[in-house]
Amino acid sequence: MEQFLAIIIAKYNYWLYVVLMMIGFYAMIGKRNLVKKLIGMNIFQTAIILMFVSAGAKYGAKIPILNKHEVLEHGVRAAQVVNPLPHVLMLTAIVVSVSVTGVALAILQRIYREYGTLEEDEILEKLGR
Amino acid sequence: MSYQSSIWPLAAVLISLLGALPILASDRRPNLRESWTILIAFGKVVIVASMLPTVLNGGGFVFTIAEVIPNVPIQLRVDAMGMFFALVASILWLFTSLYSIGYMRALDEHDQTRYFASFAVAISATLGVAFSANLLTLYLFYEMLSLSTYPLVTHHQDAEARTSGRKYLTYILGTSIGFALPAMLITYQLAGTLDFTQGGILAASGADASTLALILVLFIFGFAKAGIMPFHGWLPAAMVAPTPVSSFLHGVAVVKVGVFSILRVIFHIFGPDLLLQVHLGTVITTLASATILIASLVALTQDNLKRRLAYSTIGQLSYMVLGAGMLTAVGMTGGLLHIAMHAFGKITLFFCAGAIYVAAGKKYISQMDGLGKRMPITYLAFFFGSLSIIGMPPFGGFISKWNLATGAIESGQLILLLVLLVSSLLNALYFFPIVYRGFFMPAAEGEPDGIKEAPLFCLIPLSITALCSLGLFFWPGLFLRLARMAVGL
Amino acid sequence: MKALALVATLVTGAILLYGTMDFPAFGDPNAPAAVHLSNNYIEQAVAETHVPNLVTAVLGDYRGYDTMFETVVIYCAGLAVVSVLRRSKS
Amino acid sequence: MTTSNLHMYVLAAPLLTALFVNMLGRVSRSYVAPLVLGALGFSTLASLGVLSRVLDQGSYSYTVGNWAPPMGIELIIDPLSALMLVLISSVALLASFSALPMVAKEQAGKEHLFFTLYLILIAGLMGLVMTGDAFNLYVLLEITSITTYGLIAMGKGRAPLASFNYIIMGSIGACFYLLGVGYLYILTGSLNMADIAQILPQLGGDAAMATALCFILVGLWIKMALFPLHGWLPNAYSLAPTGAGLLVAPLMTKVTIYLMVRVMFSIFGADYLFVQNPLVQSGMVWLATAAIICASCLALAQRNLKRMLTYIIIAEVGYMVGGVWLANSTGLSGAILHIVNDALMTLCLFLAAAAIAYRVGSLDFDNLQGLYKRMPITMAAFTVGAFSMIGIPPTAGFFSKWYLILGGIEAGHWEYVVALLFSSLINAILFFRIIAIAYFRKEGDHARLQREEAPLIMQGPLILTAATLIVIGLGSGPLVRGIIKLALPVGF
């Protein structure tokens, strides 16, 4: 048990983000309101972004912006700078996430225009009529 | 046996396939269209006959169309067995073309262009099956035949045609995809090839008896065109088609393609020796015997003339399979020979049924009393045809049945001899009443007087095929020789 | 339906947590992610690209191909929004 | 122009043209058609050049911006990706001919927007098949998704709702894929597929690796609509504007299957997938079997041509997934051949459906009566496509099915063999039902129907596609021997 706790504490970041992800995931598949689904999607994607970024963290390291001249002259110790790659990836992922949200919102507008509601059950009811 | 590479097998197959194009193009000029049909039919006979001497001398032709699967090209090859079948089919197609013209015009049928074009494609497929060098090619043309005959079966485009068309495709396509295709794949997996080889290809694969039995049964049911029960139901249903279709396709081409495919499998995929070794001949003969007897009994109960002929066909087809299943050279010769003998006999009978329909508008046997006096030539031809099918001398059918009976005795299965005798008796029982009613029963009250013989275009072909049935008793030489070459005698 | 969604969520979460068992601890400077590529970027990026901000260096240079498509994504999204919301003339 | 970066021109042509289509299309609609066709025609020729180069000189990798992998992003041009490039560009080109008049009819005034998204989608698909970088794959996957969301939402009636549904499902798929990549990254510190594949076996991290595999695969399955994750596809594809369906239906699922193959063999390796986890392997074949059978049965219940086709697409996904997981070279060759064939078959059927929709309007079965008289050429091509779907020789569909079934027999997975045969039979029923409806007419209706074919620009590609199906069928021997055998992953 203690071992298990030690594992959790050592990797608490992942545990947090997985919980966050699952909140979003549940909203995507469990909620009947279309906007809530969309919000769930955003939570999910944000949690993934956080997970990636946290994977780049190093204890005692600084941000990956260096002094150019100093580096060119003396070099740099890699352990003192956090991993820049996850940040790069997540910049892209954020853009993708925002774009998808934008398109989805536009589509939601059209749906609202057409059916006057964003509740899935009510829409299905209207379609069934 | 040595095969020379040649374009002629392809030409024989393609002439009618490409011929469908000018037929379609001359949609609005019936005379031109029918001239095309005759010309193509004649050309086909000439091409097939031109290859005959080489085959008789023990040679053959081969043509590779495309290399599609390792060791299995789409390939045409002319050997004695293929030649035998191609000869029967192409000669009878010529007669059918003539007959079709008379029949379709007399009834003023709709969509004749489509009819003739589909017919041309169907005969192409038939020759393709005859000249296939391997199972895949055979399967290809087999499916092509199934599909090209669909418009013919459903020609009338009414509710009945629709139902029959569905039944036709369900049986034919269903069994070929559901049974024949997996059988072919398993064979390929076992043998690594699908080539038709004298002595079979499965012997070397070392497959056990149960696998072989499975493949064999899958093949026999898979080629449902042969009408082995319980997959025979499509044939009576297909009788809604115009009579020339029934006569040629469902008396000769389509059904015999089924039988021919089964024979190919028995002769050249399994090989008689292998089947003897694992005692699978009885599987074939049992299925065939059951079909012969049941179909003959059912035929007795049918009042619709074409349906009675259809059930008769189902029974007769199983004779051919039965002969092959005896696994003796004589029995196999008999089975093969029966393809030709039955073809000439049955096509005559169908031609007559069509002629009666054209001239008198009658479909049911019970209405045909006294018709023989008004249509003597038709009825005489019908009599000849039925005698040939029953197997009476001096008609062609006797030769094949004689061989079959000899084969049964040689193989030591006297029960098969009994099957042959009983079924011949049944044949007589369902044919003779028709002839008797026609000649000796008085016509029904209020029958119109104007009934006379069908048009010449109908009458001439049926007379010729009837005479052929007679002639084949005296001069069976060509077919007998090809059949013997095919089984290796 | 909701119960099914809950079960799916729990299963997914459990698998994800199970997967983290093999992960290095948070902030471990010797984690594979922290040493393999990252060190190369940190040590060479300034010399190779002359950009002091490593994120920019990687984004704009090493993984510029990604970034090109990132802009395409935005472009697409804008177009998609316009085309979805605009009523067609017919 | 040197041939060493010809593949970049294949990709760049639609991408850059998309900009011009948007700008010039605003000025005048008449610019749209030549731009689209020109770009795709160029791409098709260039991709043929790429393929012949690969076959001639072997696979090569291309580093974007000259940053050596794994630092930079690597593109892999091997026979498989070159084949996919040819497939994508040629299918897109053929689809465009038909899409142009359809879009002008359905989306009047929005053609430039439609074709901008359309071209970017094509560029995205091309990028997908070339990339050798796991994260780059994600970005491109999202490009294709976003463009598809937009294209589908442009449809009428319920289309936006279907599109939203697709967004939610598609995002789950993409997120799962990204999570899987994240796990691999945390585990290995790399994003380059070849690099990951090299590092993975040296690690002890079995749990994380399995989780990564699981999430990547599930993500891709959602995107390719593998049963039972297919829920979004029928509505999305059948309600999409006809022009969008023409492109999306033949290509999207097939490219995703390609991605699955790529990820499976380039990252995880056949040894890990098949040898170390035989249970997973046979479980997957069973899943594919279930997919084929269930989707075929669902197709039977449809009363609309396009909806029926969408369920057939789902069944075909099962074919290919099963073929890949059979774990032998015959099955894999069959799956790859089927990717090509299925794309063309689906294209043929959707082109025919588009032509019918253009003239008849509705695609409900009841409206198809007498079509063989009204549109004989369209229906002839449709028949060829249908035969190929059923698997009747010598059409292409027969031969890929041949390899798939043979692979099933070889692997001893008889359930898969039976499912394939069953699905062929169902397809026969499905298509002959339509053929019968279109061949027969209403009772007692004997009026001479007027011939009214779709415009030539729609007929041309349709006929060409139907002919291609037969040509590919007859040429499947050289195709398999010359290209697909080379495209198989190492070890097969």
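Quick notes on this structure:
- Structure-based [θ]222 nm, the protein assembly as shown - -39500 (n - 2.57) summed over DSSP H runs of at least 4, per residue, nearest 500: -24000 deg cm²/dmol
- Semi-axes of the equivalent ellipsoid for chain D, computed as √(5λ) from the eigenvalues of its C-alpha gyration tensor and ordered from largest down, come to 35, 27, 20 Å.
- A/C buried area, accessible surface, summed, 1.4 Å probe, Å²: 4500
- The protein assembly as shown - percent of accessible surface contributed by carbon and sulfur, probe 1.4 Å: 65
- Loop-located trypsin sites (Lys or Arg not before Pro) in segment D:168-272, at most 16 other Cβ atoms within 10 Å (DSSP): none
- Chain D contacts chain B over a buried accessible area of about 2900 Å², both sides summed; the probe is 1.4 Å and only protein chains count.
- Relative compactness, chain B, computed as alpha-carbon Rg over 2.2 N^0.38 Å: 0.91
- For segment B:1-151, alpha-carbon Rg and Dmax in angstrom: 15.9, 51
- Per-residue average of Cβ from other chains inside 10 Å of B:156-162: 2
- Projecting the Cα atoms of C:His50, C:Ala3, C:Phe26 onto the charge dipole of chain C (Cβ charges, centred on the Cα centre) puts C:Ala3 farthest toward the positive pole.
- Buried on complex formation within segment A:60-85 (loss of at least 30 square angstrom of accessible surface versus the isolated chain, 1.4 Å probe, ligands and nucleic acids ignored): A:Pro64, A:Ile65, A:Leu66, A:Lys68, A:Leu72, A:Val76, A:Ala78, A:Asn83, A:Pro84, A:Leu85.
- Anchor B:Lys452: lysines whose Cα lies under 21 Å away (excluding residues fewer than 8 positions away in-chain): B:Lys306, B:Lys362, B:Lys363, B:Lys373
- Panel values: segment B:182-289, Kirkwood radius from alpha carbon pairs, Stokes-Einstein at 10 °C and 1.306 mPa s, translational diffusion coefficient 109 µm²/s.
- Working note: Cα atoms of segment D:352-421, range along each principal axis, descending, whole Å: 48, 22, 16.
- Segment D:Ser362..D:Arg29, full-extension length gain: 117.2 nm, with 0.36 nm per residue of separation and the alpha-carbon distance subtracted.
- Count Lys and Arg as plus one, Asp and Glu as minus one, and take only other residues whose Cβ is under 13 Å from that of B:Leu98; the net charge is then 0.
- Within straight-line cross-link reach of D:Lys105, lysines at Cα separation under 30 Å, skipping those fewer than 8 residues along the same chain: A:Lys126, C:Lys89, D:Lys156, D:Lys223, D:Lys254, D:Lys306, D:Lys373, D:Lys442
- FRET efficiency for the D:Asn277 to D:Leu55 pair, using the beta carbon distance and R₀ = 30 Å, is estimated at 0.35.
- Straight-line reach from A:Lys36: taking Cα to Cα under 16 Å and skipping same-chain neighbours fewer than 8 places apart, the aspartates and glutamates in range are A:Glu119, A:Glu120, A:Asp121, A:Glu122.
- Taking packing as the residue-averaged number of other Cβ atoms within 10 angstrom, the listed peptides B:96-109, D:65-78 run from highest to lowest as B:96-109, D:65-78.
- Label-to-label distance, nm, for residues given as B:Leu107 and B:Ala49 (7 Å Cα→Cβ offset): 3.0
- Evaluated at q = 0.19 Å⁻¹: base-10 log I(q)/I(0), Debye formula over Cα of segment D:1-112: -0.95
- Estimated D of segment C:27-85 in µm² per second, where Rh is the Kirkwood radius over Cα pairs and Stokes-Einstein applies at 37 °C, 0.692 mPa s: 242
- Counting, for every residue in D:159-170, the Cβ atoms of other protein chains within 10 Å of its Cβ and taking the mean gives 6.
- Accessible area per residue for segment D:3-50 is 42 Å², calculated with a 1.4 Å probe on protein heavy atoms, without ligands, DNA or RNA.
- Across A:Lys58/C:Lys2; A:Lys11/A:Lys62; B:Lys167/D:Lys485; A:Lys31/D:Lys110, pairs whose alpha-carbon gap is larger than 32 Å: A:Lys58/C:Lys2; B:Lys167/D:Lys485; A:Lys31/D:Lys110
- Simple Cβ-charge dipole of the protein assembly as shown, Lys/Arg +1 and Asp/Glu -1, about Cα centre, in debye nearest 20: 2880
- HN-Hα J in Hz across segment D:115-120 - Karplus 6.51, -1.76, 1.60, θ = phi - 60°, x for Gly and Pro: 6, 5, 4, 4, 5, 5
- Accessible area per residue for chain A is 49 Å², calculated with a 1.4 Å probe on protein heavy atoms, without ligands, DNA or RNA.
- Packing-based order for D:55-63, D:268-276, D:163-171, D:124-132, using average beta carbon neighbours within 10 Å, highest first: D:124-132, D:163-171, D:268-276, D:55-63
- Lys/Arg +1, Asp/Glu -1 at C-beta; segment B:423-489 dipole; positive extreme among B:Leu472, B:Phe432, B:Ala443: B:Leu472
- Look at where the Cα atoms of segment D:238-313 and of segment D:1-74 average out, and the two centres are 27 Å apart.
- All distinct Cα pairs of the protein assembly as shown go into the 1/r average, and the inverse of that average, the Kirkwood radius, is 32.8 Å.
- Dipole magnitude (debye, nearest 20) for chain D, charges at Cβ of Lys, Arg, Asp, Glu: 1440
- Taken over segment D:280-492, the ratio of Cα radius of gyration to 2.2 N^0.38 Å equals 1.07.
- √(5λ) per eigenvalue of the Cα gyration tensor, segment B:280-489, largest first, Å: 33, 18, 12
- Simple Cβ-charge dipole of segment A:2-128, Lys/Arg +1 and Asp/Glu -1, about Cα centre, in debye nearest 20: 240
- With only Cα atoms counted, segment D:226-274 has Rg and Dmax values of 14.4, 43 Å.
- Here the simple spin-label model places points 7 Å from the Cα toward Cβ, and for B:Leu297 and B:Asp273 these points are separated by 4.0 nm.
- Taking the charge dipole of segment D:261-406 about its Cα centre, with +1 at Lys and Arg Cβ atoms and -1 at Asp and Glu Cβ atoms, the residue from D:Thr346, D:Asn277, D:Thr378 reaching farthest to the positive side is D:Thr378.
- Surface/4 estimate of mean projected area, convex hull on alpha-carbon atoms of segment A:2-128, nm²: 11.4
- Average 1/r across all pairs of distinct alpha carbons in segment D:55-112, invert it, and you get the Kirkwood radius: 14.4 Å.
- Total accessible surface hidden between D and A, rounded to 100 Å², 1.4 Å probe: 2800
The values are calculated or read from the model by the stated rules, or taken from the named source; none is laboratory data. On a predicted model such as this, the values are computed, not experimentally measured, just so you know. Every residue, glycine among them, receives a Cβ derived from its backbone with ideal geometry; neighbour counts consider all protein chains shown. Heads up: the accessible areas ignore ligands, DNA and RNA and are worked out on the full protein's heavy atoms, side chains in. Shrake-Rupley method; radii C 1.70, N 1.55, O 1.52, S 1.80 Å.
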